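Notes to accompany the following structure.
The values are calculated or read from the model by the stated rules, or taken from the named source; none is laboratory data. Note that this is a predicted model, so its numbers are computed, not measured. For neighbour counting, all protein chains shown are included, and Cβ atoms are generated from backbone atoms with ideal geometry for every residue, glycine included.
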There are 2 protein chains.
Amino acid sequence: MRTTVYGTGLIGTSVALALVNRGVTVHLVDRDPEQSRIAAALGAGTDVAPAGPVDLAVVAVSPAHVAPTLAEVMGRGAARGYIDVASVKGGPRRELEALGIDMHTYIGTHPMSGRERSGPLAATADLFEGRPWVLTPTRDTDTEVLNLALELVALCRAVPVVMDADAHDRAVALVSHMPHLVSSMVAARLEDAEMTAVRLCGQGIRDVTRTAASDPRMWIEILSANPGPVADLLCEVAADLDETVAALHALQSADEAKRRLGSAGIEDVLRRGNAGQVRVPGKHGSPPTAYEIVAVLIDDHPGQLARIFADADRAGVNIEDVRIEHATGRQVGLVQLMVWPKSASVLSTSLRERGWSIRQ
Amino acid sequence: MRTTVYGTGLIGTSVALALVNRGVTVHLVDRDPEQSRIAAALGAGTDVAPAGPVDLAVVAVSPAHVAPTLAEVMGRGAARGYIDVASVKGGPRRELEALGIDMHTYIGTHPMSGRERSGPLAATADLFEGRPWVLTPTRDTDTEVLNLALELVALCRAVPVVMDADAHDRAVALVSHMPHLVSSMVAARLEDAEMTAVRLCGQGIRDVTRTAASDPRMWIEILSANPGPVADLLCEVAADLDETVAALHALQSADEAKRRLGSAGIEDVLRRGNAGQVRVPGKHGSPPTAYEIVAVLIDDHPGQLARIFADADRAGVNIEDVRIEHATGRQVGLVQLMVWPKSASVLSTSLRERGWSIRQ
């Protein structure tokens with residue numbers, strides 16, 4: 001397979017590195033030739049333009065530039081098939097249709113990979129390993145082009161997921177865009193809070209607000225390309241908020257029947273939250289709550305984590321997940337080791353025998 | 001010091017265990033004698049009633065039972081000083097005042113400790129180690145009683161924080177109760193979502209919805225005792241939501257000036273989220289963003305974490321925090337090691353030399 005990657009940022013360069021690792025020829029093009037030179041220097045392919053049409057063109061530019069870039073490369077027949085990798089799919093498709101482009105040879109795709117950092121220097125060949133990679137073919141898509149795209153996804157060792165473009169946009173609004181904005185709104189409440197209150201922050205708010213630390217510039221681009229589905233979901237959250245505020249006010253009523261209604265309202269939102277949370281896939285697709293936690297007290301001396309993990313290994317227990325929770329202003333903390341239930345007591349006993357202080 | 005602990009659930013029994021470990025005499029009382037027998041069997045003190053008044057009575061019952069229990073034990077002069085440890089402070093105080101109780105010898109307190117589990121069997125002597133323990137004395141509080149309470153907090157190795165009762169309730173609404181409800185509302189959106197969409201869940205929504213997994217019964221009790229401050233904060237979130245929905249709608253406008261306003265609105269909420277998130281204390285009170293991440297690719301073989309931590313230790317680098325991110329439906333994952341910036345390149349280089357695949 002011969003490919004050209006247009007746009008050598010984090011995603012484009014990572015795709016190129018994965019393809020080169022598997023013996024695919026990759027040409028690198030960027031409107032800033034310095035960027036494609038860096039990508040080439042990293043071993044992601046050649047920044048010399050291809051002599052004739054390649055098999056697959058991968059357009060890895062920001063959402064707003066997808067349609068114009070595709071129109072240009074498709075217009076001059078640069079490849080047999082074309083994909084883009086932008087994080088929204090409905091808008092670019094409609095823009096291409098409005099430009100009167102022949103859509104048989106194009107598939108909108110979206111690799112679901114973390115991107116805390118950007119640019120070619122942050123790229124790695126394994127960025128897509130084991131992650132979902134959404135493909136949005138239509139009934140008009142050439143089978144040959146679909147197979148080229150599936151081959152690329154397989155070469156990147158990602159897991160292909162076929163979806164309708166608009167369904168994709170609603171899905172990422174649900175699992176990524178809406179939660180990100182809500183996290184920002186919770187975090188925003190802390191901006192002007194008193195220091196005494198902020199000192200009381202624990203693991204709960206730390207988790208809820210973690211994603212609010214992300215770079216606003218990237219998120220403005222993403223949200224600007226998917227405003228409709230995100231707004232719809234925020235309206236659903238707003239309706240829940242209104243009902244919950246009403247329930248909290250009812251709890252302050254002198255009338256016991258009203259207080260009972262208020263309590264039922266609060267219980268309803270908490271139980272629906274339980275029901276939704278349990279669907280969030282953890283490792284092996286199982287809910288994270290299936291793990292049991294063995295909590296170990298540590299102080300801040302170097303090497304304590306190494307010793308805990310070595311001791312867990314000696315006990316023959318595989319740690320499935322781990323969290324470190326630090327005490328406020330103190331040099332002590334808790335390491336929460338998440339293990340399958342059958343291993344929890346083995347691990348606790350073994351770590352206790354080796355002198356660790358276990359809270360469980 | 002001689003003490004009586006009323007209510008031998010998780011908190012009461014943990015306080016008792018901590019006190020017994022430091023040589024304090026503890027009497028255990030529970031309305032269910034079976035519970036106090038279990039606590040006594042765990043080494044948390046004696047379930048024989050004290051012969052006369054003790055120094056400090058610790059009332060460790062649920063918020064709704066605090067005032068009646070205190071009224072009873074204070075009425076018969078069971079101690080020189082009285083504290084409760086419920087998670088809200090304004091309501092119980094007002095109930096006590098309404099009962100005409102002499103408040104000189106009482107201090108409302110709240111140890112800020114995680115409680116995923118409940119009951120005496122989940123109790124541990126180190127539950128409060130390094131955690132904030134809020135004390136809400138008033139100008140009428142006897143200094144002797146304040147010193148007894150401070151001594152108890154010190155014996156539990158917690159960090160005392162003095163606050164006004166209502167300020168405490170607003171603070172926990174901010175850092176715990178409101179984020180919990182909002183997390184539930186985000187998670188609730190997944191309850192009826194299509195499986196294809198749920199498969200796309202990543203680390204962001206996993207973090208935002210983690211706390212929504214908690215037991216609703218405990219949370220209904222907590223929220224019922226603090227409805228006012230929680231409702232106020234939810235109204236602030238609702239105002240942000242409305243503005244954000246309006247901004248998203250403006251982004252869909254044909255008018256470029258409106259689109260610019262929409263973009264500015266989105267940027268505003270994201271930037272305020274940044275500003276708030278950075279205040280959430282991590283270890284050493286510094287923002288978590290001060291760490292650099294060294295990401296290591298692992299597969300699911302036992303012992304990999306142990307080897308990574310041992311190798312980090314050999315490199316002389318202290319791991320400040322760690323996250324494990326698993327790939328969907330695959331046996332591979334990323335271990336994110338958080339270290340101080342000066343250690344990041346040392347660690348990357350050293351782990352690479354030892355054969356680890358680093359993404360950084």
Legend entry - Those residues of region A:179-203 which are more than 7 Å from chain B (Cβ to nearest Cβ) and either under 17 Å from B:THR209 (Cβ atoms) or among the hydrophobic types (A, V, I, L, M, F, W, C) (or both), in sequence order: A:MET195
Legend entry - Output for region A:182-203, where each listed residue is more than 23 Å from B:PRO160 (Cα to Cα) and in a helix (DSSP H, G or I): A:VAL182, A:SER183, A:SER184, A:MET185, A:VAL186, A:ALA187, A:ALA188
Legend entry - Looking only at region A:204-227, and only at residues there that are part of a helix (DSSP H, G or I) and more than 7 Å from chain B (Cβ to nearest Cβ), the one that is surrounded by the most Cβ atoms within 10 Å (Cβ to Cβ): A:ILE222
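Just checking, which of B:VAL182, B:VAL186, B:VAL172 is at pLDDT 95 or above and touching a strand residue (DSSP E or B) at 6+ places or on another chain (Cβ under 8 Å)?
Among B:VAL182, B:VAL186, B:VAL172, only B:VAL172 is at pLDDT 95 or above and touching a strand residue (DSSP E or B) at 6+ places or on another chain (Cβ under 8 Å).
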Inset, instruction - Test B:SER87 against the stated conditions and say whether it is within 25 Å of B:ASP140 (Cα to Cα) and either under 27 Å from the mean Cα position of the chain (by Cα) or touching a residue at least 60 places away in the same chain (Cβ under 8 Å) (or both). - result: yes
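Out of all the residues in region A:146-165, which are over 16 Å from B:GLU194 (Cα atoms) and within 8 Å of chain B (Cβ to nearest Cβ)?
Answer for region A:146-165, where residues must be over 16 Å from B:GLU194 (Cα atoms) and within 8 Å of chain B (Cβ to nearest Cβ): just A:VAL159.
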Inset, instruction - Report whether or not A:HIS168 is more than 9 Å from chain B (Cβ to nearest Cβ) and touching a residue at least 40 places away in the same chain (Cβ under 8 Å). - result: no
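Yes or no, residue by residue, for (1) surrounded by fewer than 24 Cβ atoms within 10 Å (Cβ to Cβ); (2) over 28 Å from A:ILE101 (Cα atoms); (3) among the charged types (D, E, K, R):
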{"site": "A:PHE128", "(1), (2), (3)": "no, yes, no"}
{"site": "A:ASP140", "(1), (2), (3)": "yes, no, yes"}
{"site": "A:VAL161", "(1), (2), (3)": "yes, no, no"}
{"site": "A:LEU181", "(1), (2), (3)": "no, yes, no"}
{"site": "A:SER184", "(1), (2), (3)": "no, yes, no"}
{"site": "A:GLU191", "(1), (2), (3)": "yes, yes, yes"}
Inset, instruction - Could you please tell me which pairs satisfy a Cβ distance under 7 Å, a separation of 6+ or placement on different chains, a first residue in region B:228-256 that is closer than 19 Å to B:PRO179 by Cα, and a second residue that is not in a helix (DSSP H, G or I)? - result: B:GLY228/A:GLN252; B:LEU233/A:ARG189; B:GLU236/A:ARG189
